[in-house]
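In what follows, a structure is listed as structure tokens, so that the remarks can point back to it.
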Amino acid sequence: MKNRYYISSLTAVLVAILSLASCKKTAPNIFNMFEVTLDLHQNSPYSLSENQTLNEGDSIYFDFTISSPNADMHQVVLQVGAVGLGNLRITLDDAHRRSYTGIIKGVVGANGAITNAVIPGANGGSIGSFRDGPNTFRIWAVDRQGIYMGDGYKTININVTNKITQFVNRKLYFPDVDSANGSAGCYLSLETGETFNYQTGAANSDKIDLAIYRTITVSNGVTSYGPRLFALNATPLPYTPNNITSWTKKATRFANGQAGQVLRNYGTAALLKAYAQGRNPNLTAITANLAAGQGVAFLLPSGKYGLLVINQISLTGAKPFMDVSWRYEL
């Protein structure tokens, strides 16, 4: 009898536990509790979907409707990248607390003026700088207390195709230490990345954009050097030991060097062109001494702009050299 009473009691406890478990309510998911939805419209050739590959200079429309059936929205936020408070915020009026339709316009490769084609209210700001390769954007809502309400589980991914050509760490050698046989590679093609010496340069002179040389000054027994560069069509030629009278003279133009330039600061063709144009490259020869860390803006005969950065200069030793990297727009 005692065992039967024990078993009956245990059964009753198990039934009670199972009954309580079946009544337990699941807590709402904080990322879905407002049930926000985001629809991306395709009303224009420029309208964005969740995934696309675009070129620099393409126009884009964030053409969307964001809705919250259960709670009022206060602002709509456009966020660049995976984290952050958002680059652009649109404050909603009372008529659009539960649903808002808008168009945010921009240009790939630019910081982009923002326009809201449906309801004014954007607080300024910018879409943000696009870069070559992947770019991610989210559109989400916050309530009046600034609490995140949701983004409809959608991320807009834009892959920007590269419209820049880059070459890194090309070494050019100052020719005066090798004037006897002309084997120092002092000539450079910015378009192909090839280097040439006096022996190989004649057959490839139509490719050559620049040559380097150095001035040599001796004062009170102290020798100093001035590293410089020139295009082959410079008049007069600043370096004459190499006779290039019969060579093709490519008309590349340069601006004087500017300190503190880093190629990664110009990650799109638009940024690169804007910088180089602003430097007004119109020189056939740079007659001011160059230094490591300087950037030299250039304009190719094809009309393409670029930037050459001097990584290192060695002015002494058996093979003095200049190490350079550069980018130019396609």
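The values are calculated or read from the model by the stated rules, or taken from the named source; none is laboratory data. Computed from a predicted model, the values in this text were never measured in an experiment. A quick note on method: Cβ atoms are made from the backbone with ideal geometry, for glycine too, and the neighbour counts reach across all protein chains shown.
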Looking at Asn197, Asn242, Asn181, which is the one that is assigned by TED's automatic domain parsing to the domain that holds Gln294 and touching a residue at least 60 places away in the same chain (Cβ under 8 Å)? Asn242
Just checking, does segment 63-78 include any residue being in the same structural domain as Arg138 (by TED's automatic domain parsing), at pLDDT below 85, over 20 Å from the mean Cα position of the chain (by Cα) and among the aliphatic types (A, V, I, L, M)? no
Out of segment 126-155, which residues are at positive phi and part of a strand (DSSP E or B)? Gly133, Gly150
Could you check segment 252-280 and list, in sequence order, the residues that are closer than 24 Å to Phe321 by Cα and without any contact (Cβ under 8 Å) to a residue 60 or more places away in the chain? Arg253, Phe254, Ala255, Asn256, Gly257, Gln258, Ala259, Gly260, Gln261, Val262, Arg264
Say whether the condition of being surrounded by 13 or more Cβ atoms within 10 Å (Cβ to Cβ), assigned to a helix (DSSP H, G or I) and in contact with a strand residue (DSSP E or B) (Cβ under 9 Å, 6 or more places away or on another chain) is met by at least one residue in segment 308-327. no
Could you say which residue among Ile212, Ile216, Ile158 is part of a strand (DSSP E or B) and under 16 Å from Lys250 (Cα atoms)? Ile212
Here are some residues: Ala291, Ala297, Ala203, Ala276. Which one is over 19 Å from Gly182 (Cβ atoms), at pLDDT 95 or above, out of contact with any Asp or Glu (no Cβ under 7 Å at 6 or more places or on another chain) and loosely packed, with under 12 Cβ neighbours inside 10 Å? Ala291
Search result, residues across segment 219-242 that are over 30 Å from Ile164 (Cα atoms), not polar (S, T, N, Q) and not in a loop (DSSP other than H, G, I, E, B): Val222, Tyr225, Gly226
